[in-house]
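Enquirer: Below is one structure. I have some questions about it.
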Amino acid sequence: MFISTITYEYYEISFILIIAAFSIPISRKASTVYIPVLIVFGLIFGPVLGLISHGFAIYLLSSFGTVGIGLLGLVIILYYESHNINPRILRRYLYKIASLDTIGMVITAVGAGIFFSILTGAPFIIGFLFGAIISPNRPRITDTDLQKIKIRDDVSGTLIGESLFNDPLGIILLTIGIALTAPSVSYSMLFTFLYNHTGIIFGSISFLMLEIAVPSAIGIGLGFIIIYLNRYFNFENLLVALTLGIVLFEFTSLQAISITPFPAIIATGAIVGNYSDKSIFWNRETSFNENLSFMAQSVIFILLGSILTRVQLINYIFFGFIISLLVIFVIRPLAVFASLSIFDFSKNIIKFDTRSKIFMSLVGPRGVVPVVLSTVPFVIGSQDHIKILIQYGAIIYASVSFVVLISIILQTIYVPYIGRILFGDDKGDEVS
């Protein structure tokens, strides 16, 4: 029986959603978190059994609907997670969070890039692309473990704050890397313009400020507009349609002018989460976006395993394991200690003791954003015929896949033990 290509693609989508549902009962029976189960499902039904094709997995993740299910899913995930931003924690640990999300991420991108280039023989700019992609981490993946071992508020609050705000910075670093590698591509058009007129240093600084300040201001404004519109019109159950529509409008409009939309989406979610009246309809809106976010993460992690081929699994497994260990146990601790220690000379800045820094340096699994960004160099290289991106694009996304998988599995296992060893049952003072 002949099945059209489009029909088969919808079969694959339905299959992905069905197998995603089984990750929860299986992870519950295995007493583990569900994310490694999703990735293993992707590996089994992708490269091993071939039920999810390699080409379709890349297409669905990076090009479906012109932007890819990865970016669309990331919109939902960040909007929902930003509902939980606590302004008190943000104000209290602002300098530490900002340092981790700037200095720490640059150290991660450069350090990981150096190791990647040494191990593969690739030019450093290619290594930097890899480093930029894996620089955002997701300590929120280990939230359950943090709660079990009752980590102090200053440590957990800083880790969660870091995880919420480092995603846009990772995207910005990747944009800079793409612009330096292939200045003519549209992906990095804005940075290329600033770089050509002001130079690399001032161009990078102005690009960073523009990419954060402008969308953040827009997001804050739209967040309050949503709240006041609902107070006047009372959208009831269709409040979900209003919020989701405005968030997608933010994403589309800012993407169209080459500005990253994610600071705006995070700002909108934070305003809605903290300043809405918490009526039953707002609770339903939060619940709906939580379920949608959960589903988006599930699909993305299945695709993470499916984008690999059997040949890539065999060729890159040893390299992927080595680079993963370097990122987890060398680059992450270096970035944390350097960025958290930089303000310790000031009396007015909260300081962390050595135990806290060690714990934070060992908690930083990679998550959704590296998965979404992993195929960007390969896709841009294929579309714009950039030879260097085509040559190294596959090893970049294969390496990112291993870093995400290994970091999540390892840290799910050892984080509770490290927490008990370092902190025990001593809640002590929050800060030193």
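Enquirer: Rg and Dmax of the stretch 368-424, Cα atoms, in Å?
Expert: Just the Cα atoms of the stretch 368-424 yield Rg and Dmax of 16.7, 55 Å.
Enquirer: Give me the one-decimal nm value for the distance between modelled label points at R310 and Y232, 7 Å along each residue's Cα-to-Cβ direction.
Expert: Distance between the two pseudo-spin positions: 6.2 nm.
Enquirer: Here is a follow-up. Net charge within 15 Å of I406 by Cβ-Cβ distance, Lys/Arg positive one each and Asp/Glu negative one each, not counting I406 itself? Numbers along the way, then the final one.
Expert: Details: positive: R138, R332, R366; negative: none.
Residues near I406 contribute +3 overall.
Enquirer: Counting only heavy atoms of the protein chains, get the accessible area per residue of the chain (1.4 Å probe) and round it to a whole Å² value. All intermediate terms of the calculation are to be shown ahead of the outcome.
Expert: On the way: 18690 Å² over 432 residues.
Spelled out: the 1.4 Å probe surface of the chain, per residue, equals 43 Å².
Enquirer: Now a separate question. When only C-alpha pairs under 8 Å and at least 6 residues apart count, what is the relative contact order of the chain, in percent? Don't skip to the answer; put the middle values down first.
Expert: Details: 614 pairs, mean separation 115.1, N = 432.
For the chain, the relative contact order is 27 percent.
Enquirer: Where the Cα atoms of the chain are projected onto their three principal axes, how long is each span, largest first, in whole Å?
Expert: Per principal axis, max minus min of the Cα coordinates gives 65, 58, 56 Å.
Enquirer: Please compute, for the alpha-carbon atoms of the stretch 1-71, the extent along each of the three principal axes and give them in descending order in Å.
Expert: 40, 33, 18
Enquirer: Which chymotrypsin sites (Phe, Trp or Tyr not before Pro) from the stretch 1-87 combine a DSSP loop assignment with at most 15 other Cβ atoms within 10 Å? Intermediate results must be reported in sequence, preceding the final value.
Expert: On the way: sites: F2, Y8, Y10, Y11, F15, F22, Y34, F41, F45, F56, Y59, F64, Y79, Y80; in loops: F2, F22.
Sparse-neighbourhood loop chymotrypsin sites (Phe, Trp or Tyr not before Pro): F2, F22.
Enquirer: Follow-up. Which of these, N237, N274, N137, has the largest mean-square fluctuation under a Gaussian network model of the chain (Cα springs below 10 Å)?
Expert: N237
Enquirer: What's the whole-number percent of alpha carbon pairs in the stretch 1-139 lying beyond 24 angstrom?
Expert: Cα-Cα pairs in the stretch 1-139 separated by more than 24 Å: 55 percent.
Enquirer: Okay, next question. Across all directions of projection, what mean area in square nanometres is found for the Cα convex hull of the stretch 249-309?
Expert: Numbers: hull surface 22.6 nm².
Its average projected convex-hull area is 5.6 nm².
Enquirer: If I build a Gaussian network model for the chain, linking alpha-carbon pairs within less than 10 angstrom, which residue out of K278, K351, K96 has the largest mean-square fluctuation?
Expert: K278
Enquirer: Tell me the carbon and sulfur percent of the accessible area for the chain, rounded to whole percent, probe radius 1.4 Å. Intermediate values should be presented prior to the final figure.
Expert: On the way: 12830 of 18690 Å².
Here it works out to 69 percent.
The values are calculated or read from the model by the stated rules, or taken from the named source; none is laboratory data. In this text, all values refer to a predicted model and were calculated from it rather than measured experimentally. A quick note on method: Cβ atoms are made from the backbone with ideal geometry, for glycine too, and the neighbour counts reach across all protein chains shown. Ligands, DNA and RNA are excluded from the accessible area calculation, which covers all protein heavy atoms including side chains. Shrake-Rupley method; radii C 1.70, N 1.55, O 1.52, S 1.80 Å.
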